[in-house]
Each structure stands twice: as C-alpha cells, then as structure tokens.
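A short worksheet on the structure shown next.
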Amino acid sequence: MVRGKGKKMGDKKVVVLGGGGVVGRTAVRDLAKSGTFSEVVVADKEVEKARRYLEGIPHLSFVKTDITELATLREVIKEADVVLNTVGPFYKFGPLLTREAIRAGVNYVDICDDYEATLEQLKMDEEARKKGVTVLTGMGSSPGVSNVVAKFCCQLLDQPEEIHIYHIHGGEPDEGPAVIYHRIHYMVGKIPMLREGKMVYFGFFSEEGEKEIEEVDFYDPIGVVKVYPYPHPETITLPRHIPGLKKVTNKGAVLPLEYYELLRNAVRMGLAEEKPLKVGEALVAPIDFLVSFILSKRKEYASRLPEPVGCLKIVVRGKKEGKRMEYRFATPSRGAGMGEGTAIPASVGTQMVARGEIEEKGVLPPEACVDPMRFFEAVRSREGMGGVRIIFESVDEEGRVTSIPL
C-alpha cells in the first residue's frame, strides 16, 4: 500500500536524498515553505555540511544516510509519503533507489538525466503499478521542464514532427563530483537520437557526433554558443508519448566553454579509464584523478563569468492547419544556474505527486503525467526564479515571428 493516503495536506512527509547538495538544498528550501509537508527530511552522507547550509529553516530534520547501505536507506524512507532523489550519477544510483522506493510502497521523484538509467526504471513500470506507486523520473530542467514544454508545444500543432532541446549553464558557485562523472559517462558512451522516426546511437567523439555540433542562440545575456549532443532521456521518452515524431535531439554545453573543453580534451586523451594505475605506492583510477583535477580548476574557470547564467531552449516544429509552424520556448537567466533550474521543477513535481495532482501510477516521464499549465504557473511563482525570463514565440512558414504570452 502506498504511503500518505488519508493524510491532510500539510501533514505529509518528504525525504530528500542528497538534500545537502547543490540541487538538493535548493529543493529542500522550496519544499519546506510549500505548505505541503509537515516534515522535510534531509538525508545526506555529509549531514553536518547539510545542516550548515540549511540552518534555521523550519520543518527540517536531518539524518546521516549513505544510500549504498540499503538497510539504513530502507529505514529512512519507509514512513515517507514521497522521496525526492537528487543523488547522482544516475547511471549508478537511479535504478537502485527507484527499486527501493517501489518495494517500500513510497512515491518517488528524481532528476535522472541518464538515458540508460531511465530505460532501467521504465522496466519497473508494472511493479510500480501493482504497488500503487507513482515514479516521476527526470523532473529537473533537462529532462523535466524540457519534456513538459515539448508536450505543451506539441499540443498546439496538428502534427508535431521535430523536437530540439538545447541547454547551457555555468558560473554556479558549486559543482559536485557526480556532475563530472555524468559528463564523462556520456562522453565515453553512446548518444541516442531520433532521426526519420527511428532511434540511432553514435559515439560522442565519432564523426557522426562531430556533425551534430551546432551553434545555438540562447538570447541575452548568453548569446550564441556551440552545443554538443547529450544522452539525456527525452530522446527516448518523448517519442513514446507523442506519436508521429520524426526527429528528437538533445544538445548542450557548460560555460565557460574553455571549462567544458578541458574535460572533453582530457576524455579524448583517455583519462576516463576506470582501471587503476600504480602511482608511486598508490593505485589511482585515471577517471577519479580526472574528476578531482576538473573540480580543482572549477573556481578558476567559473570566475570568468560575473554571475551564474543559464538557458533551456526548446524548438518544436510541425504542421498546423496544413502549414509549417515552429514554436520556440526559452528561459534565459541571470543569477540563477543549475541549482535553481533543476531544483525548483523537482520540488514542484514532488509537491504535485504528494498533493495527488498526478494520479497516474507506474514509472512515468514528465510528459506522461504533468499538466503543463499547472506546472508553469507553479514554477513562475517561485522565489529565486526572478532572474529567469520566459520567451515563447511562434514562427510561421513565411518566417514571421510572433511573441505569445503564457
């Protein structure tokens, strides 16, 4: 039986795994003041560090949690109404934590951005349905906002054909090791993309991958930036829920580009190997050294940006009343980066699940269960999102651009 049935709004309990991290602590702040939960449990391996970041916020409790110690994890989540997981890398922890939540009969939300992990989660759909559990996976920026926006734009067309997702961010004061491991993982793996209605897979550094690099205008204050193919799960999930699509792509980068290129060049040189090498008397895996090295250079590169910036841009093309139509949605931001852009949607999605606004059971990407207009209204009202500008416009087949109010 799923937890939380019969409880009054405001009497619910949420557990935030990784609640002291960059994304987690921003989500915790939003959840604590939402009025949806009487208790927000910050579950983090570095619990004292989490306390320092979140000191003074009401409705919080803290518990030291190593998610690899399953007995402890099960004890932490067993009485929760919903679990929000912000712990990456998701190719390592996403399916594991999803399975544990389903077995405990607890609703689960995460920000999973690895397509292999998403595919593993989707295999648990039947088990989640039988347990009466809602698993909302990929409820961040990309994936997350991107899925909801793509769904919304497709609903405006008679026949949607193409979805292109672009994302850029940089200048945040912190970045955890899991983020770097995630970037390395996709650089050494395969990139999924829908072309001519069929899924194709190619290497990040392959000739095919190089051809997919393009320049995208992210508007002021960012401008035109080179972006690279990403293996985020939208290219896998959107075609399952929006029929007739012929092309779905996902591309992004990190600012400043010199910081991103530092990692690309190191991975290309072979420094992502996991087999340990003997260095003096120590055994060191090149990938572990590389992650530490990149993080040691982060402040130097991040200081080149005067403040955090970011933008998610979605372009949807298709036909409306027999004519070609394109919709563009973008969120250029100044002063808000990955933390806010990922954490606020995750918090909103968690609250929607807790309040019963998402009634579907099973393992679901955002486009399968999140109402776009309800979601947009909730996100726009949040503190910390004031530096985010929303651009929504249409382009007809004559090239006329029209601004559309939401």
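A few comments on the model shown:
- Across the range 192-203, computed HN-Hα scalar couplings (Karplus, 6.51 cos²θ - 1.76 cosθ + 1.60, θ = phi - 60°) run x, 8, 8, 10, 6, x, 10, 6, 10, 10, 8, x Hz from first to last residue, x flagging Gly and Pro.
- Structure-based [θ]222 nm, the chain - -39500 (n - 2.57) summed over DSSP H runs of at least 4, per residue, nearest 500: -11000 deg cm²/dmol
- Ordering of 306-318, 389-401, 219-231 by packing [mean C-beta count within 10 Å, highest first]: 306-318, 219-231, 389-401
- Normalised by the number of residues in the range 257-304, the mean separation of alpha-carbon contacts (under 8 Å, six or more apart) gives a relative contact order of 33 percent.
- Packing around the peptides 75-87, 232-244, taken as the average count of other Cβ atoms within 10 Å per residue, puts them in this order, highest first: 75-87, 232-244.
- Protection proxy ranking, highest mean first, for peptides 277-285, 136-144: 136-144, 277-285, where packing is the per-residue count of other beta-carbon atoms within 10 Å, averaged.
- Dipole of the range 103-247, positive direction: furthest Cα of GLY176, SER146, VAL224, with charges on the beta-carbon: SER146
- Convex hull of Cα atoms in the range 351-406, direction-averaged projection (nm²): 5.8 nm²
- The residues ASP217, ASP114, when put in order of fewest to most other Cβ atoms within 10 Å, stand as ASP217, ASP114.
- Across the range 244-380, C-alpha contacts under 8 Å between residues 6 or more apart give a mean separation that, scaled by the residue count, equals a relative contact order of 14 percent.
- From the C-alpha gyration tensor of the range 257-304, square roots of 5λ in Å: 23, 13, 6
- The range 133-138 - phi-based ³J(HN,Hα) in whole Hz, Karplus 6.51/-1.76/1.60, Gly and Pro as x: 9, 9, 10, 9, 9, x
- The range 277-353: projected area of the alpha-carbon convex hull, averaged over directions, in nm²: 10.7 nm²
- Taking amide H as placed 1.01 Å from N in the peptide plane, the amide H of GLN159 sits under 5 Å from that of LYS319, each at least 5 places away or on another chain.
- When you restrict to C-alpha pairs under 8 Å that are six or more residues apart and normalise by the size of the chain, the relative contact order lands at 20 percent.
- Long-range HN-HN contacts of VAL82 with modeled amide H, under 5 Å: LYS13, VAL15
- Under a 5 Å amide H cut-off, with hydrogens placed 1.01 Å from N, GLY252 pairs with HIS167, TYR228, TYR230 among residues at least 5 apart or on other chains.
Each reported figure results from applying straightforward, stated rules to the coordinates on display, with no laboratory input. Source: prediction; values computed, not measured. In this analysis, Cβ positions are derived from the backbone assuming ideal geometry, glycine residues included, and neighbour counts consider all displayed protein chains.
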